[in-house]
Amino acid sequence: MEEESMEEEGGGEAMMDDQNHNNWGAGGYGRHLLGERLLPPAGPPRPAGPEHNGAGLRGCEPGTAAGRVGAAGAIAAINISASTSKFLMNVITIEDYKSTYWPKLDSAIDQLLTQSPGDYIPISYEQIYSCVYKCVCQQHSEQMYSDLIKKITNHLERVSKELQASPPDLYIERFNVALGQYMGALQSIVPLFIYMNKFYIETKLNRDLKDDLIKLFTEHVAEKHIYNLMPLLLEAQSTPFQITPSTMANIVKGLYTLRPEWVQMAPALFSKFIPNILPPAVESELQEYAAQDQKLQRELIQNGFTRGDQSRKRAGEELTYNGSSACASSRGYR
């Protein structure tokens, strides 16, 4: 009987070993973690009585295998409760988001939207990136996306009002500045919100953050000014160097990026900066192309641009020719 009892107790202890051979019994891993006082003390055996002889009550004794199972369960429950408490301490509530996290993001976005090319911005990209990551992990992606769209929309509405108040001679330049400044800001804003884009916008909305932000500029700025801007661009095109070629190229390419359909408003203008806009040339229209080139040359001459002396080679070619001849003569003389 003693051997059977020892085998039974030994079997109970074996059952309490986990896959890493850690004993969760009264003298095992649980005591190491939580201390001696959390486990029932091993006192003298209780006298056998009617209340202790039943099979159902025997398993509740601390010294039995079932008793050790109960103690191990209590230890595991305490461990889970401790882990849960630690997790709850790190939860970002909606109040935390509004009072702590979004103000940091709001300030950084405002600086990025209003920076000029080459300006130094005193913000920590690592800190902003971390804020976005934490908010996404705490299920605040929807609120953060809504706040971002609202923030940028308000900014673009102010930009649109400033353009409306611009005089015609500054209208093109100011539109170019607004377009370039916004597109430059997107190069920083989109990477900072990459986690929100990946785990919310692409996954749940089936869209892309950069496309959404470009659409905002199209709707709140470009669409409101395209019918005032295009006549000014055509007028500037007919007057050489009224605006710099780089400004004209930036605006035309930007408008094509925002909405390719706007090519139909001025195909000839867009074709000068974007390839394959016009249909391919045909032989029957060669005379017309030549006439257009001659007209452009006459306009340039009327505006003070001369063709120069065409009877001689260009200065660079003349120097190259003379230099090579001199070298040849010197080699022949030697």
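The values are calculated or read from the model by the stated rules, or taken from the named source; none is laboratory data. Bear in mind the structure is a predicted one, so any value in this text is a computation, not a measurement. Backbone-built Cβ (ideal geometry, glycine too); neighbour counts: all protein chains shown. With ligands, DNA and RNA removed, areas are computed over all heavy atoms of the protein, side chains included. Shrake-Rupley method; radii C 1.70, N 1.55, O 1.52, S 1.80 Å.
Just the residues that are touching a residue at least 60 places away in the same chain (Cβ under 8 Å) and open to solvent by 30 Å² or more (accessible area, probe 1.4 Å), please, taken from the range 146-162.
ILE149, GLU157
Would you point out which residue out of MET248, MET265 is buried (at least 18 other Cβ atoms within 10 Å of the Cβ) and either more than 24 Å from the chain's Cα centre (by Cα) or hydroxyl-bearing (Ser, Thr, Tyr) (or both)? Give the steps one after another, and end with the answer.
Values: MET265 fails: buried (at least 18 other Cβ atoms within 10 Å of the Cβ).
Just a single option satisfies the conditions, and that option is MET248.
If you scan the range 163-177, which residues turn out to be open to solvent by 20 Å² or more (accessible area, probe 1.4 Å) and among the polar types (S, T, N, Q)? Don't jump to the end; show me each part of the working.
If we filter the range 163-177 for residues that are open to solvent by 20 Å² or more (accessible area, probe 1.4 Å), which is where we start, we get 164-165, 167-170, 173-174, 176-177.
Selection gives GLN164, ASN176.
Any chance the range 178-196 includes a residue that's more than 27 Å from the chain's Cα centre (by Cα), buried (at least 16 other Cβ atoms within 10 Å of the Cβ), modelled with pLDDT under 95 and of a type in the set (S, T, N, Q)?
Looking through the range 178-196, none of the residues is more than 27 Å from the chain's Cα centre (by Cα), buried (at least 16 other Cβ atoms within 10 Å of the Cβ), modelled with pLDDT under 95 and of a type in the set (S, T, N, Q).
Scanning for something assigned to a helix (DSSP H, G or I), closer than 22 Å to TRP262 by Cβ and open to solvent by 70 Å² or more (accessible area, probe 1.4 Å), does the range 198-205 turn up at least one residue?
Within the range 198-205, not a single residue is assigned to a helix (DSSP H, G or I), closer than 22 Å to TRP262 by Cβ and open to solvent by 70 Å² or more (accessible area, probe 1.4 Å).
Assess whether SER116 counts as being within 30 Å of LEU234 (Cα to Cα), modelled with pLDDT under 95 and open to solvent by less than 20 Å² (accessible area, probe 1.4 Å). Don't jump to the end; show me each part of the working.
Values: within 30 Å of LEU234 (Cα to Cα): yes; modelled with pLDDT under 95: yes; open to solvent by less than 20 Å² (accessible area, probe 1.4 Å): no.
The answer is no for SER116.
Does LYS224 count as touching a residue at least 60 places away in the same chain (Cβ under 8 Å) and open to solvent by 80 Å² or more (accessible area, probe 1.4 Å)? So that I can check it myself, show each step before the final result.
Details: touching a residue at least 60 places away in the same chain (Cβ under 8 Å): yes; open to solvent by 80 Å² or more (accessible area, probe 1.4 Å): yes.
It is true that LYS224 is touching a residue at least 60 places away in the same chain (Cβ under 8 Å) and open to solvent by 80 Å² or more (accessible area, probe 1.4 Å).
When you scan the range 216-334 for helices (runs of 4 or more DSSP H) that lie fully inside it, which ones turn up with 2 or more residues that are at pLDDT 80 or above and of a type outside the set (Ser, Thr, Tyr)?
Working: elements: 223-238, 245-258, 267-271, 286-302, 315-333.
In the range 216-334, 223-238, 245-258, 267-271, 286-302 are the helices (runs of 4 or more DSSP H) which contain 2 or more residues that are at pLDDT 80 or above and of a type outside the set (Ser, Thr, Tyr).
Tell me which residues, restricted to the range 166-213, are β-branched (Val, Ile, Thr) and closer than 20 Å to VAL132 by Cβ.
To start, the set of residues in the range 166-213 that are β-branched (Val, Ile, Thr) comprises 172, 177, 189-190, 194, 201, 203.
Once the filter is applied, which keeps residues that are β-branched (Val, Ile, Thr) and closer than 20 Å to VAL132 by Cβ, the range 166-213 yields ILE189, VAL190, ILE194, ILE201, THR203.
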